[in-house]
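The values are calculated or read from the model by the stated rules, or taken from the named source; none is laboratory data. Nothing here was measured: the structure is a model prediction, and the numbers come from that model. Every residue, glycine as well, gets a Cβ built from its backbone with ideal geometry; the counts of neighbours run over all protein chains shown. Surface areas here come from the heavy atoms of the whole protein model, side chains and all, with no ligands, DNA or RNA. Shrake-Rupley method; radii C 1.70, N 1.55, O 1.52, S 1.80 Å.
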Amino acid sequence: MGVTPGRVTHGTDRATYERAVAGESRLYAVWPGNWSSDLFVIDDLDEYAKAHGIKHDVQRTGLADHVHRVRWTESDGEQNPRSPYIDVEVSLDCGCTIESLGVFATQMREQKGWGVATSVGWSRSSGPEGTTYSLRVRKSLAA
């Protein structure tokens with residue numbers, strides 16, 4: 001939550017972070033409890049930015065900040081023809097791993113125009129050929 005003179009706002013966007021870095025506001029977090037809540041000042045703005053994807057963090061996400069070499073195939077399982085999404089198997093040939101689906105989804109939207117679903121489950125499996133990720137993406141997936 002950012003506080004500026006005369007108003008209180010909330011959000012985790014770049015503008016909130018930039019106001020805090022510039023000293024125009026302070027960031028707080030509330031941890032709700034059963035009978036009371038605790039209020040914390042967020043004083044490590046670098047960690048805040050990494051946690052919210054404002055600054056790239058390879059250790060947290062497993063993803064380098066580059067154009068990924070991606071292979072994908074449609075899953076063998078039955079697909080719902082009425083769903084705007086399909087299940088796909090994705091492999092990264094650039095050495096990256098997906099630790100943060102949200103960051104991967106953002107990178108794929110920017111790099112390939114993919115609409116990766118982030119509100120559903122995803123999985124990974126590893127074998128002799130490498131790691132494969134099972135994801136859901138919009139049917140307009142481009143190669």
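Laid out as a table, the results:
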{"item": "Cα extents of the chain along the three principal axes, largest first (Å)", "result": "55, 32, 26"}
{"item": "With at most 11 other Cβ atoms within 10 Å, longest stretch of the chain clear of loop GluC sites (Glu not before Pro) (DSSP)", "result": "1-77"}
{"item": "Accessible area in square angstrom per residue, region 45-143, 1.4 angstrom probe", "result": "59"}
{"item": "Contact order normalised by residue count of the chain, Cα under 8 Å, 6+ apart, percent", "result": "16"}
{"item": "Accessible surface of the chain [probe 1.4 Å, protein heavy atoms]: carbon and sulfur percent", "result": "49"}
{"item": "Using a Förster distance of 30 Å, the FRET efficiency for SER140-ASP65 (Cβ separation, nearest 0.05)", "result": "0.75"}
